[in-house]
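The structure appears below as structure tokens.
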Amino acid sequence: MSAPAAVLVTGSSRGLGRGIALQLARSGFSVAIHYASKKESAEETAAACREAAVDPEQHFPIVGGNIGDTAQRKALFDETLKAFGRLDALVNNAGIAPRVRADITEATEESFDEVLTVNLKGPYFLSQLTANYWLSHPGQSRIRGGYKLVFVTSISADTASVGRGEYCVSKAGLGMACQLWSTRLAGDGIQVLELRPGIMATDMTSVVKDKYDKLIADGLVPQKRWGTAEDVGLAVESVLKGHFPFSTGDIIHIDGGLHLRRL
């Protein structure tokens, strides 16, 4: 029996990333739990994954580092390879919101640089490291249909929020990164997909819960509920299990219909 497939999920110490890691643990994958600054949260996720695991061969190493920093990005990638001896899938999930929500007439360059460095530059170049590893190890994926590269973006990729412009720009850029990497890697049998969550119940949105509770109740989301980390985890599981064999570069909306154009 072959060892479980190995997946790196960035930003998996909490929020959507934790939900993704847990769902993959339930599905038999080994997952590298990544954190930027809160190792104790990553340890909690790893413990939960071990509890949820279905195969004694699964393991859940913890890797730390700021993906926006070149040296730390390379170190966490190398640490992941050392822990697993391989890498079968990368889920680019890590992201931050602006420290201060400010109108685009007042937002600072410092905030713009910080958000884009973590949300766009980091995953773009982590994908480069991963793609080059895969291209040098062709045909060795333990995942059905070959290696998988997943970008978790946001409805903000094409829905304007003038109080957090830098976040919207970062997610729009990440959507193009998916297009670029899917085009480059399709001929090598590497699948690339974008998951685009809508209004999700996470730490990031807790500060605007009352606002969105009302908007959801008033019909902004056709399915009339918040999205959950499990919703995203189930989508990632489906991709990694090879349930979309003839798709690449596509956007999978996880937003309860929020993206639908309606009258």
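Any read-out appearing in this document is the output of simple, stated calculations on the displayed coordinates, not a laboratory observation. All of these numbers come straight from a predicted model, not from anything done at the bench. Please note: Cβ atoms are built from the backbone with ideal geometry, for glycine as well, and neighbour counts cover all protein chains shown.
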I want to confirm something. Restricting to segment 223-239 and keeping residues that are among the hydrophobic types (A, V, I, L, M, F, W, C) and in a helix (DSSP H, G or I), which single residue is farthest from LYS148 (Cα to Cα)? ALA229
Here are the criteria: (1) within 20 Å of ASN92 (Cβ to Cβ); (2) over 14 Å from the mean Cα position of the chain (by Cα). Tell me which single one TYR212 does not satisfy. (1)
Of the conditions (1) touching a Ser or Thr at 6+ places or on another chain (Cβ under 8 Å); (2) crowded, with 16+ Cβ neighbours inside 10 Å; (3) in contact (Cβ under 8 Å) with a residue 40 or more places away in the chain, the single one that PRO61 does not satisfy is (3)
Could you please find all residues in segment 41-75 being outside any helix (DSSP H, G or I) and within 19 Å of the chain's Cα centre (by Cα)? PHE60, PRO61, ILE62, VAL63, GLY64, GLY65, ASN66, ILE67, GLY68, ASP69
Only one of these conditions is not met by GLU51: (1) closer than 26 Å to GLN128 by Cβ; (2) free of Cβ contacts under 8 Å to residues at least 60 places away in the same chain. Which number is it? (1)
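Determine whether segment 242-252 contains at least one residue that is assigned to a loop (DSSP other than H, G, I, E, B), farther than 20 Å from ASN92 by Cβ and either in contact (Cβ under 8 Å) with a residue 40 or more places away in the chain or not charged (D, E, K, R) (or both).
Among the residues of segment 242-252, at least one is assigned to a loop (DSSP other than H, G, I, E, B), farther than 20 Å from ASN92 by Cβ and either in contact (Cβ under 8 Å) with a residue 40 or more places away in the chain or not charged (D, E, K, R) (or both), which makes the answer yes.
Among the listed residues VAL207, VAL232, which satisfies the condition of being of a type in the set (Val, Ile, Thr), under 17 Å from the mean Cα position of the chain (by Cα) and closer than 27 Å to SER13 by Cβ?
Step by step, each of VAL207, VAL232 is checked, and only VAL232 is of a type in the set (Val, Ile, Thr), under 17 Å from the mean Cα position of the chain (by Cα) and closer than 27 Å to SER13 by Cβ.
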If you go through segment 158-184, how many residues are among the basic types (Lys, Arg) and within 18 Å of ASP113 (Cα to Cα)? 2
Test result for ALA5, crowded, with 23+ Cβ neighbours inside 10 Å, within 17 Å of LYS148 (Cβ to Cβ), in contact with a Lys or Arg (Cβ under 6 Å, 6 or more places away or on another chain) and not hydroxyl-bearing (Ser, Thr, Tyr): yes
